[in-house]
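Student: The structure under discussion is supplied below as structure tokens; questions concerning it will follow.
The values are calculated or read from the model by the stated rules, or taken from the named source; none is laboratory data. The shown structure was predicted, so the numbers you read here are calculated from the model rather than taken from an experiment. So basically every Cβ, Gly included, is an ideal-geometry build from the backbone, and we count neighbours across all protein chains shown.
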Amino acid sequence: MKRNSRVLASVLALSLSVTTLAACSSNNNGNNSAPSGTSSAGTSEAKDTITALLPPVSPTYQDNFEQMAKDFNALYPNLTLKIEPASWEDMTQKLDTQVNAGSPPDIAFIGSEGISKYVQQGMVMDITDAATPEMIGDFDAAPLEYMKNGNGIYGFPAYMEAHALGGNKAFLEQAGIDYKDVQKNGWTYDQFREAIKKGVVKDGSKTSRYGFVFATAGVASKDYLNILVKNAGMPSPFTTDLKYAYTSNNYLEVLKDVRQLIDDGSMPKELSSVDAGKRWNMFLTGQTMITGKGLATFENSANKNNAKIEANDGSAVQGSIKAEYIVLPVPSFLGKDPVTTVAVDGYVTFRGKKEPTAEHKANVVKAAYYLASGKVAATTNNDLFVAHITKTGKEAAASMIVNRNPDNVAAVQVMLSHAAPARPDIPVELGAKAIKLEDEVIIPKLQALIAGEITPQAMYDAVKKAAISTFGEDGVVKE
Amino acid sequence: MMQATKTIKKRKVKGDAGWGYTFIAVALVIFALFTAYPVASAFIISFQEYKPLGSTFIGFDNYVETLSDSLFWKSIRTTIVYTILTVPVALFLSFAVAILILPLKKWMQTTFKAVFYLPAVASGVALSVVWLWIFDPMPSGILNKLIGTVGADNQNWLGSSSTAMLSLVLMAWLSSHGTSIIIYLAALLGIDNSYYEAADLDGATFLQKLRYIVVPCLKPTTLFLLVTGVIGSFQVFQNAFLMTGGGPDNATTMVGLLIFNNAFKYFEFGKAAAQSLILALLIAGVALVQFKFLGKEVEY
């Protein structure tokens, strides 16, 4: 009996050990097989599997994965598109873990600003020689530029979305703001400042509605200042001669304006803790006239909530009111031309530790193009209310009906006409340094500025000091 | 006969050792895979500029850069402040709750243990969502409403340097004492009743019994909880990451968060590994000091 127990315990112990090892082993196998050329033969008709890590790009995007994979297989019978879904929260961590293990998916949907980080790691795949002229010619030039770094192209863009502001139509009209004129002709900082002052509603000593609320906490922390400074003569952190731009005096002026809007009482003094979810809730519940950053999909979201309120649906946002969403441009500063911040997200192509074969590379490009163009792009972009950036996407979308305010569509087109140009010329090392400076100095100091703990001058001095220490005296703008 | 007995004994010893090794194999394999190997790996990586396609050896650069980085030292200071503010209070609260639970009936003890242990099994993310709700900066926020009842001004709890650390400390004070409470209760139940009976005969008060019986008898437990508490606090990451992101103005950037950012945000694994090893040395140093000064009178 005793002997039997010992044998049983040993078997259990060994099983556990083996299970642990087997788990690690199977993980590795799974990862290794994905990226590095799984073509079984040297011909382009050989069977191949392309893996893609995709987040919920639009509300219905992940519901269509099975159909997307089937349609792709129908188009290329020798190819299998294996899609791994991920949540937005998991996406970066999942991808980074796979990249650093040397076994990323072939394709991942990420923001184009993330490309430089992976170029530095050497883990993205340049598709310049594998993308056909027909594929390249299908895309609008501006968004495609965002997928470049140096001389390489690292995937295809899905959309180019303007980072705008969003207003409540009824409140804008109450405040006497000619929003249609603003949509067409833009506005200056002074005009904007006066407008949002008019949007403030007081209930005794307390503010029941602010003129403007921008999310500055959490993932949105870097958006606010980035969006504003682009309209103050600094369309990129680097000038065309690759000097760091945020040491310019214009930067200081924008910081003063950031503080001024809070001191006016047009923005809440608790702004540094307002995250993206909170400010959207404030917009829907009528606690602010204008919100930022505004994405095109917010119009869809507001429309859906309005429908729920009309239908007395209990799932409408608690305390929300009907709000017609109006797209507004970001004001321009110091007499500079407006420059729209755009988000270009897309299907970035990765490689594993092994050099991918030419056949596999061509197959990955086919899959990336399939996802970024035609019917898939048309459906996704319509779902998101964003403009189509491929000819095939526009054709496919022609027969689809989208319930969008035409004034908003026109306003977005105006904004996209002066979109910030891509900067593939910025070396990855320089870009990485700027990102670190932003994370370790600019964002923390901005939080302190918004909370009223430091002055604009103190923040500017801190940024300038860090910039000189990072890029050297000659590596920064002096004016 | 004598010879035969010896041989059987020898075989038995050999056999027992074999079984022993078999039984600890699982723990050994897990330790080797998930502790020893990563530590050795981190040590090697700390001398490299890590890249998936081939790392470069850069000597002590990561250490030099870390030791000259003002943000690293600020994060160490912040972590020490957090530890000093949280660990002693957490120990006191756990001890007090354990003392309050001790005289209760067994079923009530079990109920309270379960209630206090619940946050330990709840997801940290879920807890953070609740706390974010409590610390809502607008006047409609729970804590702001609460302080509003006594006429205090609205506070930007997580967004102001003066209250962000306090908010994280408050969160630590009011959650996750379950494990300490259970350990303290087990230790309290281990104190022999004869001590209390003798004290009762001498007419000792509750506080006298606490001071002269309970506290000395619980010294080993307190030392254990203090050392593990300090180690855990030095490694704290989740609260700052989920609640403040290290802000404002890096007022809540703990060293664990800084290491995470270097590794997973900037892909500077070499620097992150160097910082982790410096942190490990620091923790080992603090633990040694604790054992040296507080462990003297502890009898096991």
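Student: Taking segment B:19-48 only, how many residues are aliphatic (A, V, I, L, M) and touching a Leu at 6+ places or on another chain (Cβ under 6 Å)?
Tutor: So the answer is 1.
Student: Same structure again: Of the residues that sit in segment B:114-127 and are touching a helix residue (DSSP H, G or I) at 6+ places or on another chain (Cβ under 6 Å) and not small (Gly, Ala, Ser), which one is surrounded by the fewest Cβ atoms within 10 Å (Cβ to Cβ)?
Tutor: Ranking the candidates gives B:TYR117 first.
Student: From the list B:VAL236, B:VAL227, which one is crowded, with 17+ Cβ neighbours inside 10 Å, β-branched (Val, Ile, Thr) and more than 23 Å from B:PHE293 (Cβ to Cβ)?
Tutor: Step by step, each of B:VAL236, B:VAL227 is checked, and only B:VAL236 is crowded, with 17+ Cβ neighbours inside 10 Å, β-branched (Val, Ile, Thr) and more than 23 Å from B:PHE293 (Cβ to Cβ).
Student: So A:GLY155 fits all but one of (1) touching an Asp or Glu at 6+ places or on another chain (Cβ under 7 Å); (2) surrounded by 18 or more Cβ atoms within 10 Å (Cβ to Cβ); (3) more than 30 Å from A:VAL258 (Cβ to Cβ); what number is the exception?
Tutor: (1)
Student: Something else now. Would a scan of segment B:264-283 turn up a residue that is over 23 Å from A:GLY431 (Cα atoms) and of a type in the set (Lys, Arg)?
Tutor: Checked segment B:264-283: no residue is over 23 Å from A:GLY431 (Cα atoms) and of a type in the set (Lys, Arg).
Student: If you don't mind, another one. Kindly check whether there is at least one residue in segment A:443-459 that is touching a residue at least 40 places away in the same chain (Cβ under 8 Å), out of contact with any strand residue (DSSP E or B) (no Cβ under 6 Å at 6 or more places or on another chain), more than 8 Å from every other protein chain (Cβ to nearest Cβ) and farther than 23 Å from A:VAL274 by Cβ.
Tutor: Yes, segment A:443-459 contains a residue that is touching a residue at least 40 places away in the same chain (Cβ under 8 Å), out of contact with any strand residue (DSSP E or B) (no Cβ under 6 Å at 6 or more places or on another chain), more than 8 Å from every other protein chain (Cβ to nearest Cβ) and farther than 23 Å from A:VAL274 by Cβ.
Student: Right, next: Looking at B:LEU85, B:LEU71, B:LEU127 in this structure, which one is over 14 Å from B:ILE182 (Cβ atoms), in contact (Cβ under 8 Å) with a residue 60 or more places away in the chain, away from chain A (no Cβ under 14 Å) and in a helix (DSSP H, G or I)?
Tutor: On inspection, the qualifying residue turns out to be B:LEU85.
Student: Which members of segment A:186-217 meet the condition of being in contact (Cβ under 8 Å) with a residue 24 or more places away in the chain and surrounded by fewer than 18 Cβ atoms within 10 Å (Cβ to Cβ)?
Tutor: A:THR188, A:GLN191, A:LYS197, A:SER208
Student: Quick one: count up the residues across segment B:227-248 that are of a type in the set (A, V, I, L, M, F, W, C) and part of a loop (DSSP other than H, G, I, E, B).
Tutor: Going through segment B:227-248 one residue at a time, the tally reaches 2.
Student: Moving on to the next point. Given the structure, is B:GLY151 assigned by TED's automatic domain parsing to the domain that holds B:GLY245, in contact with a Leu (Cβ under 8 Å, 6 or more places away or on another chain) and not hydroxyl-bearing (Ser, Thr, Tyr)?
Tutor: So B:GLY151 fails the test.
Student: Taking segment A:346-363 as the search range and keeping residues that are touching a Gly at 6+ places or on another chain (Cβ under 7 Å) and surrounded by fewer than 22 Cβ atoms within 10 Å (Cβ to Cβ), which one is farthest from the other protein chains (Cβ to nearest Cβ)?
Tutor: Within segment A:346-363, the match that is farthest from the other protein chains (Cβ to nearest Cβ) is A:GLU359.
Student: Return yes when A:SER116 is crowded, with 21+ Cβ neighbours inside 10 Å and in a helix (DSSP H, G or I) and no when it is not.
Tutor: Against the criterion (crowded, with 21+ Cβ neighbours inside 10 Å and in a helix (DSSP H, G or I)), A:SER116 qualifies.
Student: A follow-up question, please. For segment A:86-103: of the residues being within 15 Å of the chain's Cα centre (by Cα) and hydrophobic (A, V, I, L, M, F, W, C), which is nearest to B:ILE45 (Cα to Cα)?
Tutor: Going through the qualifying residues, I end up with A:MET91.
Student: For segment B:131-144, give me each residue that is exposed (fewer than 14 other Cβ atoms within 10 Å of the Cβ) and either more than 11 Å from chain A (Cβ to nearest Cβ) or within 24 Å of the chain's Cα centre (by Cα) (or both).
Tutor: Result: B:ILE142, single match.
Student: Restrict the check to segment B:258-277 and report whether at least one residue is among the polar types (S, T, N, Q), closer than 21 Å to B:VAL130 by Cβ, in a helix (DSSP H, G or I) and more than 9 Å from every other protein chain (Cβ to nearest Cβ).
Tutor: No, segment B:258-277 contains no residue that is among the polar types (S, T, N, Q), closer than 21 Å to B:VAL130 by Cβ, in a helix (DSSP H, G or I) and more than 9 Å from every other protein chain (Cβ to nearest Cβ).
Student: Restricting attention to segment B:100-113, and to residues there that are surrounded by fewer than 16 Cβ atoms within 10 Å (Cβ to Cβ) and touching a Leu at 6+ places or on another chain (Cβ under 9 Å), which single residue is farthest from B:GLN238 (Cα to Cα)?
Tutor: B:LEU102
Student: Still on this structure, I have one more. Determine whether segment B:40-63 contains at least one residue that is within 14 Å of another protein chain (Cβ to nearest Cβ), without any contact (Cβ under 8 Å) to a residue 24 or more places away in the chain, within 30 Å of B:SER180 (Cβ to Cβ) and in a helix (DSSP H, G or I).
Tutor: No, because not a single residue in segment B:40-63 is within 14 Å of another protein chain (Cβ to nearest Cβ), without any contact (Cβ under 8 Å) to a residue 24 or more places away in the chain, within 30 Å of B:SER180 (Cβ to Cβ) and in a helix (DSSP H, G or I).
Student: One residue is enough: does segment A:461-477 have a residue meeting the conditions touching a Pro at 6+ places or on another chain (Cβ under 7 Å) and within 14 Å of chain B (Cβ to nearest Cβ)?
Tutor: The answer is no, given that none of the residues of segment A:461-477 is touching a Pro at 6+ places or on another chain (Cβ under 7 Å) and within 14 Å of chain B (Cβ to nearest Cβ).
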